[in-house]
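The values are calculated or read from the model by the stated rules, or taken from the named source; none is laboratory data. Here the structure is a predicted model, which means the values were calculated and not measured. Heads up, the Cβs are rebuilt from the backbone with ideal geometry, glycines too, and the neighbour counts pull from every protein chain shown.
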Amino acid sequence: MGELIHKEETFSNSGCRMLVHRELGKRHDEVIYKEAPEIEFQRMGVSFKREAEFKLSHEDQILRHRLFAGMALNKILLETKAIGRLPKSHIKQRLNHLAASKLNLGLLVNSVENPFNYKRVVL
C-alpha cells in the first residue's frame, strides 16, 4: 500500500476535531462543528480559509457560478457534516470540489457519529 498523502495535515485536523468532539460531544448542529474547529486551528497555527470559493471555466471562459467548499486547509479540502450517516452523494460532491480546486485530498467529517468519524476522499 502506498504512503498516505498529506499525512501530517490530516493528523493535525484529526487532533483538532477530537478536541472539539471531546468537549462538545455529538449533539449540536452542523454550524457548531464548523465554527469550533476554527478556534483550535488558530491556536495550533494552522492556516485555513472558511467557505473557500473556486471558479469554474468552460472553453477558457470563467463561469458566473462558483463552487464553495466548507473549508480549505492548505492542501486539503474539509467538509463538516452533522448527520447520521454520510451518503455517497457527499463523497461525489467532494470529488467535484477537489477537481475544481485542483487539490487531491478532501476530508469529509461527520461530527455526530460515535466515535468521531471522517472519510478521506482522494482525487
Query raised in the report: Within the stretch 49-57, is even one residue touching a residue at least 60 places away in the same chain (Cβ under 8 Å) and either over 14 Å from Leu107 (Cα atoms) or loosely packed, with under 15 Cβ neighbours inside 10 Å (or both)?
Result: no
Requested in this report: Considering only the stretch 105-120, state which residues are touching a His at 6+ places or on another chain (Cβ under 9 Å) and either modelled with pLDDT of 90 or more or of a type in the set (A, V, I, L, M) (or both).
Outcome: Leu105, Gly106, Leu108, Val112
Report task. Identify all residues within the stretch 104-123 that are aliphatic (A, V, I, L, M) and surrounded by fewer than 20 Cβ atoms within 10 Å (Cβ to Cβ); write none if there are none. Result -> Val112, Val122, Leu123
Query - Any chance Leu78 is touching a strand residue (DSSP E or B) at 6+ places or on another chain (Cβ under 7 Å), among the aliphatic types (A, V, I, L, M), under 15 Å from Glu9 (Cβ atoms) and assigned to a strand (DSSP E or B) - result: yes
Requested in this report: Evaluate the stretch 78-98: report whether one residue or more is closer than 17 Å to Ile5 by Cα, modelled with pLDDT under 90 and in contact with a helix residue (DSSP H, G or I) (Cβ under 9 Å, 6 or more places away or on another chain).
Outcome: yes
Report summary line: Looking across the stretch 3-47 at residues that are of a type in the set (Phe, Trp, Tyr) and modelled with pLDDT of 85 or more, the single one that is surrounded by the most Cβ atoms within 10 Å (Cβ to Cβ) is Tyr33
